[in-house]
Every structure is written in C-alpha cells, then in structure tokens.
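Enquirer: I have a structure I would like to understand better, so I am pasting it below and will then ask my questions one at a time.
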Amino acid sequence: MQHTREIITLQFGTYANYVGAHFWNQQEANFVYARDDGGSQLDDAKEEQLPQNDVLYREGRNDLNQVTYTPRLLSVDLAGTLGHLPQVGELYGNYVPLLQEDTQTEDALQRTKQDAEQSNLNTDGELDVLQQPTAAISEYQQDLLRNQVNTLDKDYKLAESCNSWADFLYARYHPRSFNVLPGLVRQSDVQTLATHAAGVELWQSADFNEEFCDRIRLYAEECDALQGFQLLFDIDDGFSGMASKCLEHLNDEYSRANFTLPLHYPRNVSYAQADARTSLNIRVVNSVLSYAQLSEQANMFTPLSTLTTIWRNNTLQSRQLPGLQWQADNLYQSSAVLAAWLDTMTLSYRLRQTPETLPRFCQRISAAGRTMTAAAMSLPLGMQQKPQDLIDYLDEQANGTMLAQLSPGCEPGTSHLLQMIVARGIPQSRLKRPMAQAGKQLQMAAYGCDSVSQMLQLYYQCAYHGSMTHATATPLPLQTQLPFPYEMFDANIDSAGFRLPLNGERKAGTRVMSAPVLAALQNSSKLGEHLEALHAQTHRVQLAKLQSYAQVALERDEYETALDKLLEFRDNYEDSHYL
C-alpha cells in the first residue's frame with residue numbers, strides 16, 4: 001500500500017507568515033475537485049501533473065461533523081498579527097462569527113456564556129463575559145466572509161491597506177496552527193523580538209516549548225509516512241533563534257529531512273534602543289548565529305529576499321523581474337514573489353505519482369556538505385502569446401539569462417553547477433509546431449524533445465557549461481487572481497501571463513489571472529562568496545556595544561564559535577573540496 005508522504009510546515013515570524021499566507025492561498029487556488037469543462041487550464045494536465053494535496057494537508061471534522069481540510073501547519077507570530085482571526089481558527093465553532101449586527105453579537109455572546117455554564121466550566125455557576133474591541137477587518141475579508149469576493153472588477157487596494165497577513169489570507173487554518181507569543185506585541189516601527197539569542201531563550205521557556213512541541217508531535221502521529229518538514233523563518237530578528245532550536249528538536253526527535261528557508265525583510269529593520277548603524281550590526285549577528293546552526297542542522301537551506309543586497313542595505317534596491325513591478329518595501333507584494341517561487345519549486349516533490357521525495361530533493365543539489373543553495377525565478381516566464389513556442393523562446397535566450405536571483409549575494413554562475421528546474425504553465429501544445437508547420441524548428445536539436453522538461457534539460461545542458469540539471473514541468477500555471485497582487489504585472493502581459501507582441505498592452509480593466517513560471521534551485525562553488533561576504537561584515541561589529549545582546553547575555557565565546565563554524569562551512573564550497 002502506497003502511503004501519502006506527509007510534510008509538516010512551520011512558519012516563524014511575521015514575514016514568514018506573509019509568505020506562508022500567499023503560499024497557502026496558492027494551494028487553495030490549485031485544488032481540483034472535479035475534471036470538467038470549467039477548467040481549461042487543466043485540460044492539458046495529466047493526473048500525475050497535478051499537486052498531491054494530502055502531502056501538505058490533513059483531513060478532519062469540526063464540531064458539526066463537517067469534513068475540514070486544513071494545512072498541516074504550525075505558525076508562530078507576535079500578538080496583534082492575527083487581526084480579526086480568532087486564535088482557535090474559524091472552522092471549529094469556538095468563536096463568535098464576525099460581521100453580525102450588534103444585537104446578534106450580543107445574543108451570540110449570551111449563548112456562549114450559557115453553553116459554558118451548562119458545561120460546568122466554572123464552579124460558582126456564574127460566568128462573566130469580557131468582550132475585547134473588535135479588530136479592524138479588511139474589505140477583502142469582509143467580502144470573503146459574506147461570500148461576495150469580486151475577483152474580476154473590484155479593487156481592494158490590498159497593497160496599500162494591508163496591515164497584516166491576516167488581511168489577505170484566503171486559506172483557513174486548523175486551531176492547532178496559530179501560536180501567538182504571550183506578552184510580545186507587534187510594533188510597526190521596532191522589532192519586538194530583536195535578537196537570535198532572545199529567540200533561543202523564548203524557545204527554551206517552559207510556557208512555550210512544551211505546548212509547541214506537543215503540537216508538532218500531534219501532527220506527526222497523524223501521519224502514515226512523514227517524510228520531513230518545510231520551515232520558513234525571519235532571519236533578521238529573534239525568530240531566527242526559535243527556528244534554530246526548533247530544527248535541533250526536529251532532528252533529535254524525528255530524524256526526517258528538512259528544507260529550511262531563511263527570509264530577509266524587504267526593509268531595514270529597527271531594534272529598540274539602537275540607532276541605524278547598531279541595527280545593521282544586530283542584523284549581521286543574527287545572520288551569523290543562524291548560519292552557524294543551519295550549517296549543522298538543515299538538510300538544505302535557501303536564503304530568500306527580493307532585495308539585491310542584505311545585512312547593510314541602505315538603499316533598499318529591489319530585484320527586477322521582467323514583467324513585474326512592485327514596491328520594494330511592501331510586505332504584501334514582495335512576499336507574494338517569494339511564495340510564487342516556493343509554491344513552484346516544491347511542486348517537484350508534491351506532484352501526484354512523482355518519484356521525488358523531500359529527502360531526495362535536498363540531496364540532489366546539496367552534495368559534499370554544500371547545504372546552502374540559491375533561488376532563482378522567472379515570473380512571468382516571458383514567452384509571447386501564440387504563435388511563439390517554447391523552442392523558439394529558448395532559442396532567443398541562448399545566453400542562459402532567463403532567471404533572476406532571489407538569494408542576495410548568491411550568484412552561482414553558468415558553469416559547473418548543480419540545479420533543479422521546475423516549469424509550470426507551459427502547455428504541451430506550446431512546445432513546438434507540428435512537423436508540417438515546423439519550418440526552421442526542424443533544424444534545431446531541441447525539436448526532438450517530446451516534453452517541456454526534456455527541452456529545458458537540453459537547453460541548460462547547452463547553455464550552462466559542465467553543469468547538471470534536473471527538470472520538472474506541469475501545465476498547471478501560477479494562479480494570480482485575488483488575493484495575489486495581480487497589480488504587479490506590466491501592461492504588456494496578457495491575462496494568461498504571456499507577453500504581448502509589438503509592445504501591445506492588455507485590454508483596460510483586464511487582470512492577469514494566471515502566469516507561467518520558471519523556478520530554480522542552484523548550487524556551485526561560487527556560493528562560498530556569499531558566506532565570505534557575511535563574515536566580512538562581522539569585522540565592523542563590536543559585540544560589547546550591542547545592548548540588545550547584552551540583555552540576553554550572549555557569550556563572546558559563543559559568538560566566536562559561530563564565526564568559526566561559518567568559515568568551516570565556507571570551506572565546503574572550495575573547488576578542491578568538491579572535486
């Protein structure tokens with residue numbers, strides 16, 4: 001009997017939950033309940049080319065005996081980030097529904113009180129009900145609760161109005177998923193949980209550790225064949241310390257593969273009682289301590305950011321993806337870019353009947369201790385509307401520069417690298433023309449390829465000298481309708497995500513509803529330069545002057561040990577080491 005190879009996902013930090021919200025929205029958008037004429041994008045997809053949702057999701061039942069289908073997820077964040085969402089979730093009846101009239105809400109509160117008293121929840125027979133002020137709820141969420149979301153015409157201006165990832169979350173989580181740190185309230189201008197060491201301290205506290213580890217265990221016990229963990233975390237603040245200790249726990253207790261994604265904020269982070277220069281130093285120390293742990297605990301980790309540089313970034317210059325425009329420091333928009341990469345890349349081990357597993361996925365390109373990899377993506381892919389085929393598009397891209405890096409400072413080059421490529425949204429019908437109409441395509445070696453993955457593999461074999469590429473493809477495109485920030489697409493991108501020829505523009509009022517994507521994970525000896533750059537930043541750090549770290553008693557020896565581990569890890573990327 002073939003079991004579902006389950007994966008548990010963990011998200012530590014506000015930005016990680018922004019990325020996670022977009023990621024889980026994508027999963028919901030890709031659900032296939034029936035194969036009918038209503039899904040033209042699915043007509044070209046075989047069963048094995050669709051995602052196996054049970055890898056990331058679990059089935060349950062609520063108090064009304066209704067079937068629920070929720071992510072196998074644990075999310076950790078500060079108080080104040082859930083917004084209108086109840087900490088117990090919205091599927092199991094343990095909260096008063098929103099958007100009711102005042103009288104209806106009062107009646108619901110009274111019923112809740114009576115139910116609690118009848119259940120003998122207190123010994124005195126009387127129960128006081130304290131109602132907290134209602135959290136602001138975005139217009140999108142209001143329409144979602146009314147089942148009146150307009151994905152075609154209405155502009156919810158989420159890029160301007162979004163104050164939390166809860167404002168655009170479409171997916172619904174299990175009550176076990178939300179983990180709010182007690183006593184730590186989100187602030188808009190200062191990191192509440194500032195340092196890696198503070199995060200370690202919080203993880204080790206009995207109040208948090210016992211309950212959180214129990215929740216991991218409950219998910220694991222529900223699995224028939226747990227294959228590993230996906231872990232996203234904010235590396236610029238104290239959530240990096242929590243994630244590092246969590247990785248230790250996962251390795252000690254479960255010995256399963258983990259794919260870890262350190263996320264850098266798309267804006268400069270401020271810390272309490274620290275000027276701009278000191279804040280940058282804290283950011284560097286957080287990264288050093290995190291990398292030291294990741295080098296030992298992660299099966300594979302991939303730093304992600306939409307910025308061109310990190311650590312001491314005063315300009316906040318953003319990466320450029322042809323066909324996309326976003327505000328560099330906008331959490332809602334930038335996190336959607338990173339989530340698009342994550343959703344596409346992980347399809348490699350989430351497609352139905354794929355032989356790929358998470359452990360094998362990590363092992364393919366992290367040989368010889370090179371567990372740090374680089375991310376790259378093309379969104380949208382850049383292909384024109386028909387009649388351009390993939391074979392013609394790749395012929396135009398002979399220099400191998402389709403991809404934009406999403407791991408700052410990680411430039412793997414175009415020779416002697418290992419990489420995994422995932423393409424989505426390219427129909428088989430757009431591969432090449434029939435022989436009778438092929439014309440000059442017949443003269444290309446790629447015309448002998450019978451699939452998108454074969455053609456991409458041949459392309460990279462020719463474009464990247466001495467490299468090894470593993471390619472996967474599915475016709476299923478990235479879903480870019482609400483709540484994805486569709487406004488990021490340039491006017492020369494059509495509604496299906498293809499480029500309009502001759503500088504044409506999309507019809508006014510028409511939105512991009514889906515897009516083809518190319519995502520990559522890459523590894524080469526040149527990634528050692530990223531580690532060297534981080535170590536070079538530490539020469540400007542005076543640990544004794546970092547008050548935030550002084551408050552949590554970070555030992556100088558511990559910091560020096562982390563620096564030594566960083567240099568040892570960098571040695572793995574020497575050419576002589578690999579050869």
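The values are calculated or read from the model by the stated rules, or taken from the named source; none is laboratory data. All values derive from a computational prediction rather than experimental measurement. All Cβ positions, even for glycine, are placed from backbone atoms using ideal geometry, and neighbour counts span all protein chains on display. Please note that ligands, DNA and RNA were not included when accessible areas were found on the heavy atoms of the full protein model with its side chains. Shrake-Rupley method; radii C 1.70, N 1.55, O 1.52, S 1.80 Å.
Enquirer: Could you go through segment 178-192 and let me know if any residue there is modelled with pLDDT of 90 or more, open to solvent by less than 70 Å² (accessible area, probe 1.4 Å) and touching a Pro at 6+ places or on another chain (Cβ under 7 Å).
Expert: No, that holds for no residue.
Enquirer: Related question: Just one of A272, A276 is over 23 Å from the mean Cα position of the chain (by Cα), free of Cβ contacts under 8 Å to residues at least 60 places away in the same chain and more than 19 Å from G528 (Cα to Cα); which is it?
Expert: After applying the criteria, what remains is A276.
Enquirer: Here's a check for you: in segment 141-172, which residue that is in contact (Cβ under 8 Å) with a residue 60 or more places away in the chain and touching a Leu at 6+ places or on another chain (Cβ under 6 Å) is surrounded by the most Cβ atoms within 10 Å (Cβ to Cβ)?
Expert: F168
Enquirer: Please go through segment 293-303 and give me each residue that is closer than 16 Å to L527 by Cα and buried (at least 22 other Cβ atoms within 10 Å of the Cβ), ordered by number. Lay out the reasoning, then the answer.
Expert: Filtering segment 293-303 for residues closer than 16 Å to L527 by Cα gives 294-295, 300-303.
The answer is L294, M300, F301, T302, P303.
Enquirer: Inspect segment 468-478 for any residue being open to solvent by 30 Å² or more (accessible area, probe 1.4 Å), touching a residue at least 24 places away in the same chain (Cβ under 8 Å), part of a loop (DSSP other than H, G, I, E, B) and in contact with a Ser or Thr (Cβ under 8 Å, 6 or more places away or on another chain) and give the result as yes or no.
Expert: No, that holds for no residue.
Enquirer: How many residues does segment 224-263 contain that are of a type outside the set (A, V, I, L, M) and closer than 21 Å to M345 by Cα?
Expert: Going through segment 224-263 one residue at a time, the tally reaches 11.
Enquirer: May I pose another question? Consider only pairs whose beta carbons are under 9 Å apart and that are at least six residues apart or on different chains; among these, list those whose first residue lies in segment 479-493 and is under 16 Å from Y332 (Cα atoms) and assigned to a strand (DSSP E or B) and whose second residue is open to solvent by 10 Å² or more (accessible area, probe 1.4 Å) and basic (K, R).
Expert: F489/R506; F489/R511
Enquirer: Identify all residues within segment 324-372 that are within 30 Å of K565 (Cβ to Cβ) and aromatic (F, W, Y); write none if there are none.
Expert: Selection gives W341, Y349, F361.
Enquirer: S244: within 27 Å of W311 (Cα to Cα) and in a helix (DSSP H, G or I), yes or no?
Expert: For S244, the condition - within 27 Å of W311 (Cα to Cα) and in a helix (DSSP H, G or I) - is met.
Enquirer: So, one more: Please find, within segment 492-511, the residue that is most open to solvent (accessible area, probe 1.4 Å) out of those that are more than 24 Å from T401 (Cα to Cα) and either more than 25 Å from the chain's Cα centre (by Cα) or at pLDDT 95 or above (or both).
Expert: Ranking the qualifying residues of segment 492-511, first place goes to K507.
Enquirer: Could you list, in sequence order, the residues of segment 460-479 that are closer than 19 Å to Q49 by Cβ and of a type in the set (V, I, T)?
Expert: Across segment 460-479, the qualifying residues are T472, T474.
Enquirer: Got a number for residues in segment 355-369 being outside any helix (DSSP H, G or I), out of contact with any helix residue (DSSP H, G or I) (no Cβ under 7 Å at 6 or more places or on another chain) and touching a residue at least 12 places away in the same chain (Cβ under 8 Å)?
Expert: The qualifying residues number 2.
Enquirer: I'd like the full set of residues that are free of Cβ contacts under 8 Å to residues at least 60 places away in the same chain, among the hydroxyl-bearing types (S, T, Y) and either farther than 30 Å from R312 by Cβ or in a loop (DSSP other than H, G, I, E, B) (or both), limited to segment 248-269.
Expert: Matches in segment 248-269: Y254, S255.
Enquirer: Of the residues that make up segment 328-337, is at least one within 22 Å of F489 (Cβ to Cβ), surrounded by fewer than 17 Cβ atoms within 10 Å (Cβ to Cβ) and β-branched (V, I, T)?
Expert: Scanning segment 328-337 turns up no residue that is within 22 Å of F489 (Cβ to Cβ), surrounded by fewer than 17 Cβ atoms within 10 Å (Cβ to Cβ) and β-branched (V, I, T).
Enquirer: Related question: Could you figure out which of (1) touching a residue at least 60 places away in the same chain (Cβ under 8 Å); (2) surrounded by fewer than 19 Cβ atoms within 10 Å (Cβ to Cβ); (3) aliphatic (A, V, I, L, M); (4) assigned to a loop (DSSP other than H, G, I, E, B) isn't true of A136?
Expert: Unmet condition: (1).
Enquirer: Pick out the one residue from A519, A496 that is in contact with a Ser or Thr (Cβ under 7 Å, 6 or more places away or on another chain) and assigned to a strand (DSSP E or B).
Expert: Among A519, A496, only A519 is in contact with a Ser or Thr (Cβ under 7 Å, 6 or more places away or on another chain) and assigned to a strand (DSSP E or B).
Enquirer: Moving on to the next point. Taking segment 395-437 as the search range and keeping residues that are in a strand (DSSP E or B) and over 22 Å from T480 (Cβ atoms), which one is most open to solvent (accessible area, probe 1.4 Å)?
Expert: So the residue we want is S415.
Enquirer: Could you list, ordered by first residue, the pairs with Cβ atoms under 9 Å in which the first is in segment 400-424 and of a type in the set (D, E) and the second is open to solvent by 30 Å² or more (accessible area, probe 1.4 Å) and not in a loop (DSSP other than H, G, I, E, B), at least 6 apart or interchain?
Expert: E411/K526; E411/E529
Enquirer: Exactly one of these conditions fails for L543: (1) in contact (Cβ under 8 Å) with a residue 40 or more places away in the chain; (2) crowded, with 20+ Cβ neighbours inside 10 Å; (3) in contact with a helix residue (DSSP H, G or I) (Cβ under 7 Å, 6 or more places away or on another chain). Give me its number.
Expert: Condition not satisfied by L543: (2).
Enquirer: Can you tell me which of (1) under 27 Å from S525 (Cβ atoms); (2) at pLDDT below 90 is the one Q353 doesn't meet?
Expert: For Q353, the exception is condition (1).
Enquirer: Can you find a residue in segment 317-328 that is assigned to a helix (DSSP H, G or I) and over 18 Å from Q419 (Cβ atoms)?
Expert: no
Enquirer: Quick one: which of N209, N281, N258 is open to solvent by less than 30 Å² (accessible area, probe 1.4 Å), over 18 Å from E6 (Cβ atoms) and among the polar types (S, T, N, Q)?
Expert: Testing whether each residue is open to solvent by less than 30 Å² (accessible area, probe 1.4 Å), over 18 Å from E6 (Cβ atoms) and among the polar types (S, T, N, Q) leaves just N281.
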